[in-house]
Amino acid sequence: MKKTLAALALLLLALAVPTVTHAAPATAPAVPDIVTKGFDAYKKSSADAIDTWFLGSPMEKDVQARVTVAGNLGNFEKVYGAYLGWELIKVVPITASTEIVYAVAKFEKGPLWIAFNCYKAADQWTLPSIRLNQSAENILPQSILSGE
């Protein structure tokens, strides 16, 4: 009888203790290769990066867009120095065919914040638009800035 009561008490205790389960961490979405290839090309020149980022996009043949982005990068490099590399901030999947990639390009004297609007048609990613600014507040959403 004592054994039965002890076993019943252990069973009740086991059922009363909450079970903690740990979900496997979600796999972060991969950065579209057009973004990484553009940063790789930037090691040669900003013009090479622009050519890579614009490939297949609506901006590919848009002379004004090319001049604007090239001018912005050129002016930035004059003030902030040489390009050193880049860091991924976050990839935000919007739909199966759209993502926003937030990144920071590192220069000798400071960062350039970038948002790449990525679109996947068929099997190839393109960048319909790119936003860049020396102020994180002008590029990054509040959820990233607040650490959410």
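Each reported figure results from applying straightforward, stated rules to the coordinates on display, with no laboratory input. Bear in mind that the values here come from a model prediction, so they are computed numbers and not experimental data. So basically every Cβ, Gly included, is an ideal-geometry build from the backbone, and we count neighbours across all protein chains shown.
Some notes on this structure:
- Violating pairs (Cα-Cα greater than 23 angstrom) within the set Lys61/Lys109; Lys61/Lys106; Lys37/Lys90; Lys43/Lys120; Lys61/Lys90: Lys61/Lys109; Lys61/Lys106; Lys43/Lys120; Lys61/Lys90
- Ordering of 126-134, 91-99, 34-42 by packing is 34-42, 126-134, 91-99, highest average first (other Cβ atoms within 10 Å, averaged per residue).
- A simple spin-label model places the labels of Asp33 and Ala122 1.5 nm from each other, with each point 7 Å out along Cα-to-Cβ.
- For region 45-110, the Kirkwood estimate of the hydrodynamic radius, built from every pair of different alpha carbons, is 13.4 Å.
- Applying 1/(1 + (r/R0)^6) with r as the Cβ-Cβ distance of Ala47 and Val79 and R0 = 22 angstrom yields a FRET efficiency of 0.75.
- Rg(Cα)/(2.2 N^0.38 Å) for region 30-145, N = residue count: 1.00
- Averaging the sequence gap over all C-alpha pairs within less than 8 Å and six or more residues apart, then dividing by the number of residues, gives region 15-148 a relative contact order of 19 percent.
- Peptides 136-148, 63-75 ordered by packing proxy, namely the average of other Cβ atoms within 10 Å per residue, highest first: 63-75, 136-148.
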